[in-house]
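Bear in mind these aren't lab numbers, they're just calculated from the coordinates by the rules spelled out. Nothing here was measured: the structure is a model prediction, and the numbers come from that model. Cβ sites come from the backbone with ideal geometry, for glycine too, and all protein chains shown count toward neighbours.
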């Protein structure tokens, strides 16, 4: 086998072993469904496709002034969820051999939108999760808490003057949840959230990669 054929085969194996990813549709990822004037903060009323699981006073939307220090990373609005408040959205059926990555931007709130009282930013946290067929402990696929109160990762920090980006991933390979509806959840403590993204990366099966590699080898050999 000459050097050219070996090089071609190596490239083919690299391509076959590569995962293929695509962004999934998250409806209203930046909470623009609730239209409000610049500089206003209002209780959660209508955020298009997002559902809250707590009382209305725990979920707020804000459209900041251009002079405000903290600005949304996408669109005009950002959402505030206080302790025990949650937002969720159903996405689509879980597919086989797929890695789902949920990404969100978080920033610590300095004041309570309801009372205006100053908040202890050192205890702010954001928790994001992936669930199957319902927002309950038995349907949890994976979740992670980010921020000062996270006991597992002291390196994560949420700031008051800008958003930081955080992600979690879950692999559906060999999962019993295939075909169930994927839910994304946001449960936070005194933080602003924005720009929710969900990526699905197909993970090729070993048998498929071997078959593609063998087929490519035969094609290359025939062309010699």
Simple SL model, points at 7 angstrom along Cα→Cβ for residue 66 and residue 167; separation in nm is 3.3 nm
For segment 24-213, the Rg and Dmax computed from alpha carbons only, in angstrom: 17.6, 63
Sorting check: for 88-95, 191-198, 120-127, 73-80, which peptide has the highest mean count of neighbouring beta carbons within 10 Å, and how do the rest follow? 191-198, 73-80, 120-127, 88-95
Let's test the formula: R0 of 45 Å, r as the Cβ-Cβ distance of residue 123 and residue 37. What FRET efficiency results, to the nearest 0.05? 0.90
